[in-house]
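A.B. asks: Dropping a structure here in structure tokens format, bear with me for questions.
Derivation of every value follows stated rules applied to the coordinates shown; laboratory data play no part. Predicted model only: the values in this text are computed from it and were never measured. We place every Cβ from the backbone using ideal geometry, glycine too, and count neighbours over all the protein chains shown.
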Amino acid sequence: MTEKQDPLIVGAGPAGLTAALALAKKGVTSRLYEASGAIGGLARTPTDGDWRIDAGGHRFFTKIEAVSDLWRSLLPPDQWLSVPRSSAMLVDEHFMRYPLVGRDLVTQMGFGRGVRGLSSLMWSRLRRGTPVDKSANFREWGTLEFGRYWYEMFFDGYVRKTWVADPASLASDWANQRIRPIIWGREHETEGEDVFQYPRLGPGQVWEAAAVMLAQLKVPIAMNSPVVKVRSEGNRCTVELADGHTASGDALFSSMPLRSLVGVLDPAPPQHVQAFAAALKHRALITVAVALRQHHDIPFNWVYTPGMNFAAGRIQNYLRWSPDLAPKGWDGTYLGFEYYIGPDGELWNASDDRLTGMVERDLDTLGLGGSDVERIMIVRSQFAYPVHDPGRDRNVARIRDYLRQHHPSIYPMGRNGMHHYDNQDHAMLSAVRSVARYFGEIADPWQVNTARLYHETGLLKM
């Protein structure tokens, strides 16, 4: 280690804040630079008066004890809610429980459809023999896992909407973690045990508490401070901010998008490294929160909408997350419609009027057209989801190796910093391991969340 330990951190989302807390625990004071005016990244909780919006639907569940300990340290027990997970897919006016239950598939949408789906699944299993190779694209994976009939009914349209891409152009590695197999037999009777934790005032409550803790530890966070240049020489890193100010430290922990980090390196990396970075894509997310004066009973946290009759890919039912996301005493309906945008998608610049029209049409399709609207709120999240296309692993590995060789004092971390489709807990663990590496420990943040099968289910008490 160098004599002076004064690291810099880019990004005040879960990874950046976790890194700052981990450094402070070791007696090292960092400096954070956040491009936006909000704490928490995608896990922030924007507000509009007494209305609170969860832009991504953040379940607080982890199998990592250190992460659970950190969450507990940030909020007292009375600020955590235990929320049963309840999700459904809305297909042809049928709410099908998700994870999909075999008995529902065979009976709820008609006997003929059930037999057809079951036959398609059996045929795919006969063809399958062994698990589909991890290099398979998503369409191949989904067809083998669910049979062509049920794959096309539940997943093909959903993936086209949410990833804004042909499923054949997407890698399948993320699917084994994000999409659960069909539940057969009596397994579905244990689904009530699938419970997650949720902050009473939304996910941003946790990260705002982290910022307060860092302020008490004299760790500064500079908001509205986008980084436009990064210089790395030996064991010193210097960042230049959009306003012209600079800051130097002995390391840089970066949760900014990996392609953006490569783009601000000065001097610029070789052309081939720039090309690897340019190939990394993100999906953006626009959440339109709608408060309806009438109460409508929708018994799910999330409703997935694979059909092309919906523009939204998913609908959140906020009052099933926490009643405190709405004003006190609110007894209407509070929903969040999620609209996904591909790289350079024109919808990102859509006017509020256009988005309001889209959500009104989706309300009609949902059967809630004509309801009195109390309020509509719009939240835009630009770098919401790293795209896992077939070239992602290769491109990220080459950028990682270049940075390790030429910029060893730069530590990429987090979902965007490593361009990996992580949940909060894995983003946090990558930060913890990056800090451990900074202190000379043998730790590899790039090996976080690489298990082929990982499903968040059950309850880790907090």
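A.B. asks: Placing unit charges on C-beta atoms (Lys and Arg positive, Asp and Glu negative, everything else neutral), compute the dipole magnitude of the chain about its Cα centre in debye, rounded to 20.
C.D. replies: Once rounded to the nearest 20, the dipole reads 1080 debye.
A.B. asks: Select from region 27-124 those GluC sites (Glu not before Pro) which occupy a DSSP coil region and have at most 16 other Cβ atoms within 10 Å, ordered by residue number.
C.D. replies: Filter output for region 27-124: 93.
A.B. asks: For labels at residue 213 and residue 95 in the simple 7 Å Cα→Cβ model, what's the distance in nm?
C.D. replies: Label-label distance for residue 213 and residue 95, simple model: 3.7 nm.
A.B. asks: Sticking with this one: Can you tally the lysine pairs in the chain where the Cα-Cα distance is under 21 Å and the two residues are eight or more apart, or on different chains?
C.D. replies: Taking the chain as the scope, the lysine pair count is 9.
A.B. asks: Angle between the Cα long axis of helix 138-151 and the longest principal axis of the chain, 0 to 90 degrees, nearest 10?
C.D. replies: That works out to roughly 20 degrees.
A.B. asks: Compare the Cα positions of 268, 407, 105 along the charge dipole of the chain (+1 at Cβ of Lys, Arg; -1 at Cβ of Asp, Glu; about the Cα centre) and return the one farthest towards the positive end.
C.D. replies: Of 268, 407, 105, it is 407.
A.B. asks: If you work out Rg and Dmax of the Cα atoms in Å from the coordinates, which of (1) 22.5, 73; (2) 22.2, 68; (3) 24.6, 87 do you get?
C.D. replies: Among (1) 22.5, 73; (2) 22.2, 68; (3) 24.6, 87, the one calculated here is (1).
A.B. asks: Place +1 on the Cβ of every Lys and Arg and -1 on the Cβ of every Asp and Glu in the chain, take the dipole about the Cα centre, and give the residue among 230, 443, 206 whose Cα lies farthest towards its positive end.
C.D. replies: Result: 443.
A.B. asks: Which value, in debye to the nearest 20, describes the size of the charge dipole of region 75-117 about its Cα centre when Lys and Arg Cβ atoms bear +1, Asp and Glu Cβ atoms bear -1, and nothing else is charged?
C.D. replies: My answer is approximately 240 debye.
A.B. asks: Where the centre of each part is set by its Cα atoms, how far does region 262-333 sit from region 36-77, in angstrom?
C.D. replies: One Cα centre to the other: 14 Å.
A.B. asks: Which distance in nm do the two modelled labels at residue 328 and residue 375 give, with both placed 7 Å along the Cα-to-Cβ direction?
C.D. replies: In this crude spin-label approximation the distance works out to 1.5 nm.
A.B. asks: Specify the angular offset, from 0 to 90 degrees and rounded to the nearest 10, of the alpha carbon long axis of helix 65-74 from the longest principal axis of the alpha carbons in the chain.
C.D. replies: 80 degrees
A.B. asks: Test of understanding: what is the full-extension gain from residue 200 to residue 126, defined as 0.36 nm times their sequence separation minus their Cα-Cα distance?
C.D. replies: 21.9 nm
A.B. asks: Counting other Cβ atoms within 10 Å of each Cβ, which trypsin sites (Lys or Arg not before Pro) in region 7-99 have at most 14 and sit in a DSSP loop?
C.D. replies: Of the trypsin sites (Lys or Arg not before Pro), the ones in loops of region 7-99 whose Cβ has at most 14 other Cβ atoms within 10 Å are 26, 63.
A.B. asks: Could you give the size of the charge dipole of region 327-385 about its Cα centre, using +1 on the Cβ of each K and R and -1 on the Cβ of each D and E, expressed in debye and rounded to the nearest 20?
C.D. replies: Charge dipole, region 327-385, about its Cα centre: 180 debye, nearest 20.
A.B. asks: Multiplying the sequence separation of residue 354 and residue 180 by 0.36 nm and subtracting their Cα-Cα distance, what value in nm do you get?
C.D. replies: Additional length available on full extension: 59.2 nm.
A.B. asks: I would also like to ask the following. I'd like the antiparallel share, as a percent to the nearest 5, of DSSP beta bridges with both residues in the chain.
C.D. replies: Around 75 percent of the beta bridges assigned by DSSP in the chain are antiparallel ones.
A.B. asks: Arrange the following residues from fewest to most other Cβ atoms within 10 Å of their Cβ: 450, 356, 18.
C.D. replies: 450, 356, 18
A.B. asks: Are there trypsin sites (Lys or Arg not before Pro) in region 204-278 that DSSP marks as loop and that have at most 14 other Cβ atoms within 10 Å, and which are they?
C.D. replies: Filter output for region 204-278: 218.
A.B. asks: What range in the chain is the longest one free of chymotrypsin sites (Phe, Trp or Tyr not before Pro) that are in a loop by DSSP and have at most 14 other Cβ atoms within 10 angstrom?
C.D. replies: 185-438
A.B. asks: Next up: At what distance in nm do the modelled label points of residue 169 and residue 279 sit from each other, each positioned 7 Å from its Cα along Cα→Cβ?
C.D. replies: Each label point lies 7 Å from its Cα, and together they span 1.5 nm.
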